[in-house]
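Notes follow the structure.
The values are calculated or read from the model by the stated rules, or taken from the named source; none is laboratory data. These numbers come from a predicted model, not from an experiment. In this analysis, Cβ positions are derived from the backbone assuming ideal geometry, glycine residues included, and neighbour counts consider all displayed protein chains.
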């Protein structure tokens with residue numbers, strides 16, 4: 001399969017991170033969570049006096065090292081840049097947009113869709129958001145297991161652990177968003193349909 005050019009990769013990274021950031025913004029505005037390191041960072045904002053962006057980048061940092069060792073320098077750098085962009089965009093989203101009317105169900109659906117689409121763009125352009133994305137791509141690369149399937153298992157585990165800290169309704173809506181996110185990935189990023197060279 002013909003590789004994307006470097007120019008296409010960077011345009012896609014900017015596009016993908018922007019879309020992901022909008023998805024996180026919807027979830028954050030409704031007080032919802034999600035799986036993976038994004039969910040951990042959102043949950044941690046309730047207990048630690050740091051912004052989502054700061055927590056998100058700190059939690060992801062060890063996975064960028066793993067990405068470097070497993071998928072190569074280019075993939076790791078792309079992922080670190082993508083993670084940093086999402087952190088900055090989410091932390092400053094309130095400078096350009098404010099939701100006066102918030103419907104939690106809508107935010108869960110749209111948040112999940114946007115995050116899934118954004119992550120899909122990143123995956124197809126030799127990048128990720130770090131965190132569990134790296135583990136999921138590793139499992140796909142090593143064992144041929146769809147990214148969406150492993151991501152869903154990890155995401156649901158994070159959300160179940162969150163039951164001790166948030167209301168059942170918040171968990172239910174967060175699960176809805178996480179399932180939608182992972183269905184988007186599972187349907188559109190199958191290893192037998194699309195092959196990406198990371199290095």
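Per the listing 11, 19, the residue uniquely without any contact (Cβ under 8 Å) to a residue 40 or more places away in the chain and over 23 Å from residue 164 (Cα atoms) is 11.
Within segment 81-92, does at least one residue satisfy the condition of being surrounded by fewer than 23 Cβ atoms within 10 Å (Cβ to Cβ) and farther than 25 Å from residue 180 by Cα? Taking every residue of segment 81-92 in turn, at least one turns out to be surrounded by fewer than 23 Cβ atoms within 10 Å (Cβ to Cβ) and farther than 25 Å from residue 180 by Cα.
Is at least one residue of segment 128-137 in contact (Cβ under 8 Å) with a residue 40 or more places away in the chain and closer than 17 Å to residue 22 by Cβ? Within segment 128-137 (the criterion being in contact (Cβ under 8 Å) with a residue 40 or more places away in the chain and closer than 17 Å to residue 22 by Cβ), the answer is yes, since at least one residue qualifies.
When segment 1-30 is limited to residues that are surrounded by fewer than 17 Cβ atoms within 10 Å (Cβ to Cβ) and part of a loop (DSSP other than H, G, I, E, B), the one that is nearest to the chain's Cα centre (by Cα) turns out to be 4.
Return a yes/no flag: does segment 93-107 have any residue that is more than 14 Å from the chain's Cα centre (by Cα), part of a helix (DSSP H, G or I) and buried (at least 22 other Cβ atoms within 10 Å of the Cβ).
Residues of segment 93-107 more than 14 Å from the chain's Cα centre (by Cα): 93-107.
Among the residues that remain, those that are also part of a helix (DSSP H, G or I) are: 93-95, 104-107.
Add one more test, that the residue is buried (at least 22 other Cβ atoms within 10 Å of the Cβ), and what stays is 107.
Within segment 93-107 (the criterion being more than 14 Å from the chain's Cα centre (by Cα), part of a helix (DSSP H, G or I) and buried (at least 22 other Cβ atoms within 10 Å of the Cβ)), the answer is yes, since at least one residue qualifies.
Please state which one of 171, 180, 117 is farther than 27 Å from residue 78 by Cβ, assigned to a helix (DSSP H, G or I) and modelled with pLDDT of 80 or more. Testing whether each residue is farther than 27 Å from residue 78 by Cβ, assigned to a helix (DSSP H, G or I) and modelled with pLDDT of 80 or more leaves just 171. Against the test of being on the phi < 0 side of the Ramachandran plot and either at pLDDT below 85 or assigned to a loop (DSSP other than H, G, I, E, B) (or both), the options 137, 89 yield a single qualifying residue, 137. Number of residues in segment 142-165 that are crowded, with 17+ Cβ neighbours inside 10 Å and either at pLDDT 85 or above or part of a helix (DSSP H, G or I) (or both) equals 10.
Residues in segment 31-53 that are buried (at least 16 other Cβ atoms within 10 Å of the Cβ), out of contact with any helix residue (DSSP H, G or I) (no Cβ under 6 Å at 6 or more places or on another chain) and without any contact (Cβ under 8 Å) to a residue 40 or more places away in the chain: 42 only.
For residue 110, the requirement of being modelled with pLDDT of 90 or more, closer than 22 Å to residue 189 by Cβ and either in contact with a helix residue (DSSP H, G or I) (Cβ under 6 Å, 6 or more places away or on another chain) or part of a loop (DSSP other than H, G, I, E, B) (or both) is met. For segment 68-75, the condition of being buried (at least 17 other Cβ atoms within 10 Å of the Cβ), touching a helix residue (DSSP H, G or I) at 6+ places or on another chain (Cβ under 6 Å) and either without any contact (Cβ under 8 Å) to a residue 12 or more places away in the chain or assigned to a loop (DSSP other than H, G, I, E, B) (or both) holds for at least one residue.
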